[in-house]
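Taking it in order: structure first as structure tokens, then the write-up.
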Amino acid sequence: MRALRLNRMASGIVSCALVFAFAAHAFQNVHPVTGRSIAPVMGVGGADWLERPEREKEENPEGALDAIGVRPGMIVADIGAGTGYMSLRLAKRVGPAGKVYANDIQPEMLSRLRQNADKAKLKNIETVLGSDVDPKLPVGQLDLVLLVDVYHEFSQPQKMLRKIRETLKPAGRLVLLEYRKEDPNIPIITVHKMTVEEVKKELEAERFIFSQVIESLPRQHILILTRAP
């Protein structure tokens, strides 16, 4: 009996160890390529901050979409769409011949996004509940995937990037907007900023080609990438 109890105890310890090992693997704290600390995800409690009036001046969202080149008829995805601050703007630009997949991992955010889209009478937005490893978007159909102040919060960035890569058309683009970590005067917590070099190293490791960086915005990099063959 004592031997049986010891065996059961040992099995329990091993099971606990496996659970903790799985959790540690599932939620990375540091990116293995750059050593960058991964930021926590903003919860629905921060939704009002996403729609703050001063965001227009701080981020110039319309100027960002001008620089990216969002055109009528495009099929685009807004990953980490939140309440739809950028999704609604994208939907107006791509028009009825285009489509916006508004993705988030929080159902409450998507509920608010749908309410905002209804108020704006926009019918070309489809909300998509993804996970931290898969945005659940259609494969090979997207002209553009947009990540606005989102990539640095991916808890499993490598797995997400591999799935995102699958969604792009051969000539599709992945575009990141990230606050400039190189500038200490930008009033954002450091863990929520990224350098150009960090983005370049992390995404090139996942078979993306670093194409262009545009520095026309007040506080953010516009980082444009394409998929490698």
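The values are calculated or read from the model by the stated rules, or taken from the named source; none is laboratory data. Everything quoted here is computed from the prediction, not taken from an experiment. Heads up, the Cβs are rebuilt from the backbone with ideal geometry, glycines too, and the neighbour counts pull from every protein chain shown.
With the requirement that a residue be touching a residue at least 40 places away in the same chain (Cβ under 8 Å) and either surrounded by fewer than 18 Cβ atoms within 10 Å (Cβ to Cβ) or under 20 Å from LEU142 (Cβ atoms) (or both), what does the stretch 203-218 give you?
LEU203, ALA205, GLU206, ARG207, PHE208, ILE214, SER216, PRO218
For the stretch 25-38, indicate whether the set of residues that are touching a Leu at 6+ places or on another chain (Cβ under 8 Å), modelled with pLDDT of 95 or more and not basic (Lys, Arg) is non-empty.
Narrowing the stretch 25-38 to residues touching a Leu at 6+ places or on another chain (Cβ under 8 Å): none.
Scanning the stretch 25-38, I find no residue that is touching a Leu at 6+ places or on another chain (Cβ under 8 Å), modelled with pLDDT of 95 or more and not basic (Lys, Arg), so the answer is no.
Taking the condition of being more than 18 Å from ILE105 (Cβ to Cβ) and part of a loop (DSSP other than H, G, I, E, B), how many residues in the stretch 141-152 meet it?
Here the count works out to 1.
Quick one: ASP66 ticks every box in (1) in a loop (DSSP other than H, G, I, E, B); (2) surrounded by fewer than 19 Cβ atoms within 10 Å (Cβ to Cβ); (3) not aromatic (Phe, Trp, Tyr) bar one, so which box is it?
(1)
Answer with yes or no whether TYR101 is closer than 25 Å to HIS221 by Cβ and touching a strand residue (DSSP E or B) at 6+ places or on another chain (Cβ under 7 Å). Please lay out each step first, then the result.
Values: closer than 25 Å to HIS221 by Cβ: yes; touching a strand residue (DSSP E or B) at 6+ places or on another chain (Cβ under 7 Å): yes.
Considered against the rule, which asks whether it is closer than 25 Å to HIS221 by Cβ and touching a strand residue (DSSP E or B) at 6+ places or on another chain (Cβ under 7 Å), TYR101 comes out as yes.
Is it the case that PRO187 is surrounded by 15 or more Cβ atoms within 10 Å (Cβ to Cβ) and either more than 23 Å from LEU65 (Cα to Cα) or free of Cβ contacts under 8 Å to residues at least 24 places away in the same chain (or both)?
Taking the combined requirement at face value, the residue does not satisfy it.
Those residues that are assigned to a loop (DSSP other than H, G, I, E, B), aliphatic (A, V, I, L, M) and surrounded by 19 or more Cβ atoms within 10 Å (Cβ to Cβ), I need them from the stretch 82-104; list them, please. Reasoning before the result, please.
Taking the stretch 82-104 and keeping what is assigned to a loop (DSSP other than H, G, I, E, B), we get 82-86, 95-98.
Now restrict to residues that are aliphatic (A, V, I, L, M): 86, 97.
Residue satisfying the conditions is MET86 alone.
State which residue is nearest to VAL76 (Cα to Cα) when the search covers only the stretch 117-140 and only residues that are part of a helix (DSSP H, G or I) and not small (Gly, Ala, Ser). Break it down stepwise before answering.
Step one: of the stretch 117-140, the residues part of a helix (DSSP H, G or I) are 117-119.
Narrowing the set further to residues that are not small (Gly, Ala, Ser) leaves 118-119.
Details: ASP118: 19, LYS119: 21 Å.
Among those that are part of a helix (DSSP H, G or I) and not small (Gly, Ala, Ser), it is ASP118.
Quick one: GLU54 ticks every box in (1) in contact with a strand residue (DSSP E or B) (Cβ under 6 Å, 6 or more places away or on another chain); (2) within 18 Å of ILE186 (Cα to Cα); (3) not β-branched (Val, Ile, Thr) except a single one, so which number is it?
Failing condition for GLU54: (1).
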